[in-house]
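Take a look at the structure below.
The values are calculated or read from the model by the stated rules, or taken from the named source; none is laboratory data. In this text the structure is predicted, and so the values were computed from the model without any measurement. When we count neighbours, we look across all protein chains shown, and the Cβ atoms used for this are built from the backbone with ideal geometry, even at glycine.
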Amino acid sequence: MLGEFIAEGFHRNTYRHKDNPLWIIKVAKGKRGSNFNKFNILCNKYEYEVWHNAKNAIKQHLVPCLWISDTYEYLICIRGKKVSEFKIPKILKEYVFKEDMKKAKNWVEINEKTLLADYPELHKDYLITRHKYKKCKL
Ligand SMILES: Nc1ncnc2c1ncn2[C@@H]1O[C@H](COP(=O)(O)OP(=O)(O)OP(=O)(O)O)[C@@H](O)[C@H]1O
Ligand SMILES: [Mg+2]
């Protein structure tokens with residue numbers, strides 16, 4: 001399933017899909033690598049759930065998620081091109097702004113639209129989970 005390595009994030013590594021050039025796979029860090037914690041896996045789960053639950057006004061600015069594995073270790077999304085310039089859409093800025101949205105590496109271009117590629121923090125459980133995990137030093 002995994003093709004060429006694209007980029008490393010703090011929680012996940014991104015690869016091209018071996019058979020479909022239109023897809024990427026986000027692999028939660030862990031097991032075989034360093035920096036394992038449950039939160040890396042939850043980033044995939046949260047992103048997938050945000051994609052499926054967001055209202056269209058927000059969803060139209062997000063990279064589509066297509067499939068997630070049972071354990072949440074693998075997440076398949078639409079592949080985009082890197083961008084150097086982007087504008088944070090008003091609705092994201094006003095309702096769900098996160099600092100990570102300021103970074104160009106979290107935006108990609110798909111069909112001439114610039115979309116947010118990294119958005120687990122938009123999940124309603126994100127803060128609760130984070131806080132809890134920090135407390136038990138996972
Ligand atoms: N849909 C996509 N198409 C192409 N490249 C992507 C896509 N999604 C993510 N990437 C690349 O993979 C990198 C890691 O993905 P992502 O930002 O989702 O992981 P993360 O571990 O949550 O990152 P962070 O370090 O910002 O917390 C991104 O910075 C970007 O370069
Ligand atoms: Mg990122």
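Here is a list: Ile58, Ile128. Which entry is out of contact with any helix residue (DSSP H, G or I) (no Cβ under 9 Å at 6 or more places or on another chain) and either of a type outside the set (Ser, Thr, Tyr) or within 21 Å of Tyr15 (Cα to Cα) (or both)? Full working, then the answer.
Numbers: Ile58 fails: out of contact with any helix residue (DSSP H, G or I) (no Cβ under 9 Å at 6 or more places or on another chain).
Residue meeting the stated conditions: Ile128.
Regarding the stretch 43-50, can at least one residue be identified that is of a type in the set (Phe, Trp, Tyr), at pLDDT 90 or above, away from ligand 1 (no atom under 11 Å from the Cβ) and part of a helix (DSSP H, G or I)? I'd like the intermediate steps shown before the answer.
Within the stretch 43-50, the first condition is being of a type in the set (Phe, Trp, Tyr), and the residues that meet it are 46, 48.
Those left that are additionally at pLDDT 90 or above: 46, 48.
The next check asks that each one be away from ligand 1 (no atom under 11 Å from the Cβ); those that pass are 48.
Subset that is part of a helix (DSSP H, G or I): 48.
The answer is yes; a qualifying residue exists.
Of the conditions (1) surrounded by 15 or more Cβ atoms within 10 Å (Cβ to Cβ); (2) more than 21 Å from Tyr126 (Cβ to Cβ); (3) under 16 Å from the mean Cα position of the chain (by Cα), Gly3 satisfies every one except a single condition; which number is it?
(3)
What's the number of the condition Ile76 fails, among (1) assigned to a loop (DSSP other than H, G, I, E, B); (2) in contact with a strand residue (DSSP E or B) (Cβ under 7 Å, 6 or more places away or on another chain)?
(1)
Starting from the stretch 53-69, take each residue that is among the hydrophobic types (A, V, I, L, M, F, W, C) and list its partners that are surrounded by 17 or more Cβ atoms within 10 Å (Cβ to Cβ) and in a loop (DSSP other than H, G, I, E, B), counting only C-beta distances under 7 angstrom and pairs at least six apart or across chains.
Cβ pairs passing all conditions: Leu62/Ala54; Leu62/Tyr119; Val63/Gly80; Val63/Ala117.
Quick one: which of Phe36, Phe86 is of a type in the set (Phe, Trp, Tyr), within 27 Å of Met1 (Cβ to Cβ) and either part of a loop (DSSP other than H, G, I, E, B) or at pLDDT 95 or above (or both)?
Numbers: Phe86 fails: within 27 Å of Met1 (Cβ to Cβ).
Among Phe36, Phe86, only Phe36 is of a type in the set (Phe, Trp, Tyr), within 27 Å of Met1 (Cβ to Cβ) and either part of a loop (DSSP other than H, G, I, E, B) or at pLDDT 95 or above (or both).
Just to be sure I understand, how many residues within the stretch 102-117 are out of contact with any Gly (no Cβ under 7 Å at 6 or more places or on another chain) and either among the hydrophobic types (A, V, I, L, M, F, W, C) or within 8 Å of ligand 1 (Cβ to nearest atom) (or both)? Explain how you work it out, then say what you get.
The initial filter retains those residues of the stretch 102-117 that are out of contact with any Gly (no Cβ under 7 Å at 6 or more places or on another chain), namely 102-107, 111-114, 116.
Retained after the next criterion (residues that are either among the hydrophobic types (A, V, I, L, M, F, W, C) or within 8 Å of ligand 1 (Cβ to nearest atom) (or both)): 103-107, 116.
Of the residues in that region, 6 qualify.
Any chance the stretch 109-128 includes a residue that's over 16 Å from Ala54 (Cβ atoms), modelled with pLDDT of 90 or more, of a type in the set (Lys, Arg) and surrounded by fewer than 18 Cβ atoms within 10 Å (Cβ to Cβ)?
no
Filtering the stretch 1-10 down to residues that are in contact (Cβ under 8 Å) with a residue 60 or more places away in the chain and not in a strand (DSSP E or B), which residue is farthest from Lys105 (Cα to Cα)?
If we filter the stretch 1-10 for residues that are in contact (Cβ under 8 Å) with a residue 60 or more places away in the chain, which is where we start, we get 1, 7, 9.
Those still in the list that are not in a strand (DSSP E or B) too: 1, 9.
Details: Met1: 24, Gly9: 9 Å.
Within the stretch 1-10, the match that is farthest from Lys105 (Cα to Cα) is Met1.
Could you identify the single residue in Lys29, Lys38, Lys98 that is in contact with a Phe, Trp or Tyr (Cβ under 7 Å, 6 or more places away or on another chain), within 22 Å of Lys132 (Cβ to Cβ), surrounded by fewer than 18 Cβ atoms within 10 Å (Cβ to Cβ) and not small (Gly, Ala, Ser)? Explain how you work it out, then say what you get.
Numbers: Lys29 fails: surrounded by fewer than 18 Cβ atoms within 10 Å (Cβ to Cβ); Lys98 fails: in contact with a Phe, Trp or Tyr (Cβ under 7 Å, 6 or more places away or on another chain).
So the residue among Lys29, Lys38, Lys98 that is in contact with a Phe, Trp or Tyr (Cβ under 7 Å, 6 or more places away or on another chain), within 22 Å of Lys132 (Cβ to Cβ), surrounded by fewer than 18 Cβ atoms within 10 Å (Cβ to Cβ) and not small (Gly, Ala, Ser) is Lys38.
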